[in-house]
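Chemist: Dropping a structure here in structure tokens format, bear with me for questions.
The values are calculated or read from the model by the stated rules, or taken from the named source; none is laboratory data. All figures in this text were calculated on a predicted structure; none of them were measured in a lab. Virtual Cβ from ideal backbone geometry, glycine too; neighbours counted across all protein chains shown. We work out accessible area using only protein heavy atoms, side chains counted, and drop any ligands, DNA or RNA first. Shrake-Rupley method; radii C 1.70, N 1.55, O 1.52, S 1.80 Å.
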Amino acid sequence: MTKILMVCLGNICRSPLAEGILKSKLSNDFYVDSAGTANYHTGNSPDKRSITVARKYGLDISHLKGRQFKTSDFDAFDLIYVMDGSNFKDVVSLARNDQDISKVKFILNEIYPNQNYDVPDPYYGGDDGFENVYKMLDEACDVIAKSLS
Ligand code: 4NP
């Protein structure tokens, strides 16, 4: 079974959306989870604005709970998609070897290869930021799902 982990900072805005979107595009032969590099929101539900935009597109992510990324995630997952350069640096700082590092990918490189673009953090912005993030993640997850299936 291929296992994919989505990572952002808080695990309440971007990565729970990415988890829900990718899950919806893959069969049960895949396992998808998400985590945050920070521990601010451990045990918390996704941000209401992420829940709302997901619901608008037919996905329920309200049951998800935040957790922090940990070194053993390098063993538990085959692919680790980060949302931005800061997440990349934080995740790679926990890697033990080159094999761990090779699992870490910028999610937007699926649409814009090798550009290392950030999925903007919508936390401090308005609702349109969440809509924008949803669309970016939906496009990236389409490419991921097609490449894995
Ligand atoms: P996320 O957004 O990394 O997309 O979940 C954030 C959520 C919370 C905070 C920062 C970013 N925070 O500072 O609490």
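Chemist: Obtain the nm distance between the two label points defined at SER149 and ASP127 by a simple spin-label model: each point lies 7 Å from its Cα along the Cα-to-C-beta direction.
Modeler: 3.0 nm
Chemist: Kindly identify the range 80-149 as rounded, prolate or oblate by the Cα gyration tensor criterion: order the square roots of the eigenvalues as a ≥ b ≥ c, call it rounded if a/c is under 1.5, otherwise compare a/b with b/c, prolate if a/b is larger, else oblate. Walk me through the intermediate numbers first.
Modeler: On the way: a/c = 2.58, a/b = 1.34, b/c = 1.92.
Oblate, since a/c reaches 1.5 and b/c is not below a/b.
Chemist: Quick check: residue separation of SER62 and ASP142 times 0.36 nm, minus the Cα distance between them. What number comes out in nm? Please list the in-between numbers first.
Modeler: On the way: separation 80, 0.36 × 80 = 28.80 nm, distance 2.18 nm.
Extra length available between SER62 and ASP142 comes to 26.6 nm.
Chemist: Accessible area per residue, 1.4 Å probe, Å², for the chain: what's the number?
Modeler: Numbers: 7370 Å² over 149 residues.
Accessible area per residue: 49 Å².
Chemist: If you don't mind, there's one more thing I want to ask. Going by accessible area, probe 1.4 Å, with all protein chains left in place, what is the ranking of HIS41, HIS63, largest first? Mind dumping the intermediate values first?
Modeler: On the way: HIS41 35, HIS63 115 Å².
Result, largest first: HIS63, HIS41.
Chemist: Over all directions, what mean area does the Cα convex hull of the range 22-61 project, stated in square nanometres? Please list the in-between numbers first.
Modeler: Numbers: hull surface 14.2 nm².
Taking the Cα atoms of the range 22-61, their convex hull projects to 3.5 nm² on average.
Chemist: OK, next. Output the antiparallel fraction of DSSP beta bridges having both residues in the range 2-148, as a percent to the nearest 5.
Modeler: Working: 0 of 15 bridges.
Taking every DSSP beta bridge within the range 2-148, about 0 percent pair in antiparallel fashion.
Chemist: I would also like to ask the following. Percent of accessible area on the range 42-149 owned by carbon and sulfur, 1.4 Å probe?
Modeler: Numbers: 3000 of 5930 Å².
On the range 42-149, the fraction of accessible area on carbon and sulfur atoms equals 51 percent.
Chemist: Here's another thing I want to ask about it. Please enumerate, by chain and number, the lysines with C-alpha under 26 Å from the C-alpha of LYS103, excluding those fewer than 8 residues away in the same chain.
Modeler: Within reach: LYS3, LYS23, LYS25, LYS65, LYS70, LYS89, LYS135, LYS146.
Chemist: Right, something else. How large is the accessible surface of LYS23 in square angstrom, using a 1.4 angstrom probe and rounding to the nearest 10?
Modeler: Rounded to the nearest 10, the figure is 90 Å².
Chemist: Between ALA38 and SER72, what is the FRET efficiency for a Förster distance of 22 Å, r being their Cβ-Cβ separation, to the nearest 0.05? Numbers along the way, then the final one.
Modeler: Working: r = 18 Å, r/R0 = 0.80.
Once the sixth-power term is evaluated, E becomes 0.80.
Chemist: Additional query: Per DSSP H run of n ≥ 4, the term is -39500 (n - 2.57); total these for the chain, divide by its residue number, and report the mean residue ellipticity at 222 nm rounded to 500 deg cm²/dmol. Before the final figure, lay out the partial values.
Modeler: Values: 6 runs with 60 residues, N = 149.
After summing the helix terms and dividing by residue count, I get -12000 deg cm²/dmol.
Chemist: When the Karplus curve 6.51 cos²θ - 1.76 cosθ + 1.60 is applied with θ = phi - 60°, which whole-Hz ³J(HN,Hα) does each residue of the range 138-149 get, with x for Gly and Pro?
Modeler: Whole-Hz 3J(HN,Hα) from phi for the range 138-149: 4, 5, 5, 5, 4, 5, 4, 4, 5, 6, 8, 8.
Chemist: State, in angstrom, two size descriptors of the range 102-141 derived from its alpha carbons: Rg to one decimal place and Dmax to the nearest whole number.
Modeler: Expressed in Å, the Cα Rg and Dmax of the range 102-141 come to 11.0, 35.
Chemist: Once the Cα gyration tensor of the range 2-148 is found, what semi-axes does its equivalent ellipsoid get, as square roots of 5 times the eigenvalues, in whole Å, sorted largest first? Intermediate results must be reported in sequence, preceding the final value.
Modeler: Values: eigenvalues 88, 56, 46 Å².
Square roots of five times the eigenvalues give 21, 17, 15 Å.
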